[in-house]
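Notes to accompany the following structure.
The values are calculated or read from the model by the stated rules, or taken from the named source; none is laboratory data. No experiment lies behind these values; they were computed from the predicted model shown. Neighbour counts are summed over all protein chains in view; Cβ atoms, including those assigned to glycine, are modelled from backbone coordinates with ideal geometry. Side chains included, ligands, DNA and RNA excluded: accessible areas come from the protein's heavy atoms. Shrake-Rupley method; radii C 1.70, N 1.55, O 1.52, S 1.80 Å.
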Amino acid sequence: MTKLLGRVLVVLMFRIDWKKLLFISSFLTIGSIFVQISRLPYPLNEWIFSPPTIVAYKPLYNAITENSPITLVNRLEVAQLDPTSVSPNSSVKLNHSKIVVEGENVSTRRRRRRKHSQRKHVKQIDVITAPLSPPFYVNMSKDLLKHIWSMPPKEALVYARKEIENAPAVHDDPDLYAPLFRNVSTFKRSYELMELILKVYVYMDGKRPIFHEPHLQGIYSSEGWFMKLMEENRQLTTREAEKAHLFYIPYSARQLQSALYVPNSHNIKPLSLFLRDHVNMLATKYPFWNRSHGSDHFLVACHDWGPYTLTEHEELRTNTIKALCNADVSERIFIQGKDVSLPETTIRNPRRPLRNVGGKRVSQRPILAFFAGNMHGRVRPTLLKHWRDKDEDMRIYGPLPNRVSRIMTYPEHMKSSKYCICPMGYEVNSPRIVEAIYYECVPVIIADNFVPPFNEVLNWSAFSVIIPEKDIPRLKEILLAIPLRKYLIMQGNVKMLQKHFHWHYKPVKYDLFHMILHSIWLSRLNQVQIHQSP
């Protein structure tokens, strides 16, 4: 029997293709290495697997002239582009979300029918998020990373706070435009520490539509988009509540109003009582609320009534971190330094949230200032009283008249104006602020007691004009007093700011979802006292 097995083994040895065997074994070894890398904790695995990119923005921008076939919308927008796929006679268009290459044989007739040619006759290259510089933690040792991830939540927050206070200076970062920020160095280090450390526990209690059905359309859609993206996120959330640094109470103030408010009753109290009972239920069911009295919990509400839905629960109103569109410090519900001013974004098509984003060059903006909207609140009637039909440079309307909109639509007015007036309505915020940013028009904010979005990190004087309500009669004088050079800088800064106010179905680094979450993370860090470090 032994001799027979020996003969079989000798025959197999001579018949095996050793080259194929070596190839298979090498393939299996490489595969096992990739499996091990994929098991690394986020965000290391994501950074390792990020596709290689060609950093093209500096040479590309320097090569552009006004008559060039290449159009660059954002100087910092960078793309993966195969140079061999573009012929010398083709034109390249860079947008915020994609690059398209138009073939050189596209007919004149198709060019006239631009919408159809873009859909049917334009070749799309697989693209593109801006290539990001590697975060500082990729150079950390494996043992140090394990130590950081094993820290108890409070200890990890103390560590992050110390790191931010000793943040190294940032120079010429390709991902962040320094003039937009109060301190770009501390922002970058804080943001990267959020990526490295933060874990959010999301309460899954509550019935639809108020708690887990995001409203993605209209002027109050910010709360819905954040809810959708937060609940879908697997990198920054955890199911182990003991490891969480923050606890998210997902609810929609817009859906709460739609489900419970009795029309024309002028009674918001039932909404506040409903939310109070929900929070009391969470405090009874789970131990997390009571151990901090809600100070490590947060909610996001964009409807005007968002602050008023909190009034029947004292700890919810005073302790919880609130991200609110109605960021009015005079009402003593929004607390500056603790709460977060939430941008109010108008989303008309949830499937294409960035549709029509972009504007015209300065030379194609003949209108000095523009406003059109419904008359409510204390500011807008005063604005119309002083400026409607008073000056050709000041296009100030109530609701945009049909005779005007037939000639130029509302978005076209904003894209053709140097300054877009953003007065408060019933409440201090206005969706026109973000609309102005989308259309590359310098926003002029008129709302006393309003805290602009992300005011803790963004330098609003770099890209906007804030005018006290009492100075409305001097509006044109104030705008004309701004030197052209300063205006050009502000308008350029608005373009650079856009990416921080974009919604994406899959969140992108430094986009609106991450900016909101970072401000909440920063508020949580501000609760931590350094001397409490063990």
Notebook entry, point to check: Measuring from label point to label point, each 7 Å out along Cα→Cβ, what is the Ser258 to Gln527 span in nm?
Noted result: 3.1
Item checked: Residues of segment 152-192: accessible area per residue with a 1.4 Å probe, Å² -> 48
Margin query: What is the ratio of the Cα radius of gyration of segment 142-228 to 2.2 N^0.38 Å, with N the residue count, to two decimals?
Written below: 1.48
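Return the Rg/Rh value of segment 360-466, two decimal places, where both radii are evaluated on C-alpha atoms and Rh is the Kirkwood radius. Display every interim value, and only then the final one.
Numbers: Rg = 13.5 Å, Rh = 14.1 Å.
Result for segment 360-466 is an Rg/Rh of 0.95.
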Notebook entry, point to check: So how do 271-280, 233-242, 200-209 stack up, highest first, on mean other-Cβ count within 10 Å?
Noted result: 271-280, 200-209, 233-242
Margin query: Students often check this: by mean Cβ neighbours within 10 Å, which of 366-374, 354-362 ranks highest, and how do the rest follow?
Written below: 366-374, 354-362
Note to self: Below 12 angstrom from the Cβ of Pro343, what's the summed charge of the other residues (Lys, Arg +1; Asp, Glu -1)?
What the structure shows: -3
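Quick one: plug the Kirkwood hydrodynamic radius of segment 191-253 (C-alpha pairs) into Stokes-Einstein at 10 °C, 1.306 mPa s, and report D in µm²/s.
Values: Rh = 12.4 Å.
My calculation gives 128 µm²/s for D.
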Next item on the list: Using packing as a proxy for protection, rank 392-398, 517-523 so that the peptide with the highest average count of other Cβ atoms within 10 Å comes first.
Entry: 517-523, 392-398
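Ratio of alpha-carbon Rg to the 2.2 N^0.38 Å globular estimate for segment 352-401, to two decimals, please.
Details: Rg = 13.6 Å, N = 50, 2.2 N^0.38 = 9.7 Å.
Normalised Rg, Cα atoms only: 1.39.
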Check: How are the C-alpha pair distances of segment 380-534 spread across 10 Å bins, as whole percents from the shortest bin up?
Finding: 9, 34, 33, 16, 6, 2, 0
Next item on the list: Using θ = phi - 60° and the Karplus relation 6.51 cos²θ - 1.76 cosθ + 1.60, list the HN-Hα couplings for segment 337-354 in order, rounded to whole Hz, with x at every Gly or Pro.
Entry: x, 10, 8, 10, 7, 8, x, 9, 10, 8, 10, 8, 10, x, 6, 9, x, 9
Margin query: Can you work out the Karplus-derived ³J(HN,Hα) for every residue in segment 250-263? Use 6.51 cos²θ - 1.76 cosθ + 1.60 with θ = phi - 60°, whole Hz, and x for glycine or proline.
Written below: x, 8, 10, 5, 5, 6, 4, 5, 5, 7, 10, 6, 8, x
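Around Arg254, under 15 Å between beta carbons, what's the net of Lys plus Arg minus Asp minus Glu among the other residues? Walk me through the numbers on the way to the answer.
On the way: positive: Arg208, Lys228; negative: Glu213, Glu223, Asp304, Glu344, Glu427.
Local charge sum for Arg254: -3.
How long is the gain from Leu354 to Lys154 if the chain were fully straight, where each residue apart is worth 0.36 nm and the alpha carbon distance is subtracted?
Working: separation 200, 0.36 × 200 = 72.00 nm, distance 3.81 nm.
Taking 0.36 nm per residue and subtracting the Cα distance, the gain is 68.2 nm.
Past the 12 angstrom mark, what percentage of all C-alpha to C-alpha distances in segment 378-421 do you count? Don't skip to the end; give the middle numbers.
On the way: 600 of 946 pairs.
Every Cα pair in segment 378-421 considered, those over 12 Å come to 63 percent.
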Margin query: Once you place label points 7 Å from the Cα toward the Cβ at Glu240 and Asp393, how far apart are they in nm?
Written below: 6.3
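Magnitude of the Cβ-charge dipole of segment 347-387, K/R +1 and D/E -1, about the Cα centre, nearest 20 debye? Kindly include the intermediate steps, with their values, before the conclusion.
On the way: 10 positive and 0 negative charges, 41 e Å.
The calculation lands at about 200 debye.
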Margin query: Take Met204 and Arg403, extend 7 Å from each Cα along the Cα→Cβ direction, and tell me the distance between the two endpoints in nm.
Written below: 6.0
Next item on the list: At 10 °C and 1.306 mPa s, grab the translational diffusion coefficient of segment 444-493 from Stokes-Einstein with a Kirkwood Rh over Cα pairs, rounded to a whole number in µm² per second.
Entry: 133
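How big is the Cα convex hull of segment 238-281 in projection, averaged over all directions, in nm²? Kindly include the intermediate steps, with their values, before the conclusion.
On the way: hull surface 16.2 nm².
One quarter of the hull surface, i.e. the mean projection, equals 4.0 nm².
More than 16 angstrom separation, counting every C-alpha pair in segment 308-362; what % is that? Spell out each step's value before the answer.
Details: 834 of 1485 pairs.
Percentage above 16 Å: 56.
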Check: Can you run phi through the Karplus equation (6.51, -1.76, 1.60; θ = phi - 60°) for segment 144-161 and list ³J(HN,Hα) in whole Hz, with x for Gly and Pro?
Finding: 5, 4, 4, 5, 5, 5, 8, 5, x, x, 5, 5, 5, 5, 5, 4, 5, 4
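Take the Cα gyration tensor of segment 295-391, multiply each eigenvalue by 5, square-root it, and list the three semi-axes largest first, rounded to whole angstrom. If you can, show how the numbers build up before the last one.
Numbers: eigenvalues 229, 82, 29 Å².
Equivalent ellipsoid of segment 295-391: 34, 20, 12 Å, largest first.
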Notebook entry, point to check: Val340's amide H: which non-local residues (gap 5+, or another chain) put their own amide H closer than 5 Å, with H modeled 1.01 Å from N in plane and none for Pro or chain starts?
Noted result: Lys322, Ala323, Leu324
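Out of every Cα-Cα pair in segment 188-300, what percent are more than 22 Å apart?
Values: 2474 of 6328 pairs.
Of all Cα-Cα pairs in segment 188-300, 39 percent lie more than 22 Å apart.
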Margin query: Place a point 7 Å from the Cα of Arg378 along the Cα-to-Cβ direction; which residues of segment 417-433 have their backbone N under 16 Å from it?
Written below: 423-429
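Around Ile333, with a cut-off of 14 angstrom between Cβ atoms, what is the net charge of the other residues, counting Lys and Arg +1 and Asp and Glu -1?
On the way: positive: Arg317, Lys322, Arg332, Lys338; negative: Asp304, Glu312, Glu314, Glu315, Asp328, Glu331, Asp339, Glu427.
Taking every Cβ under 14 Å from that of Ile333, the sum is -4.
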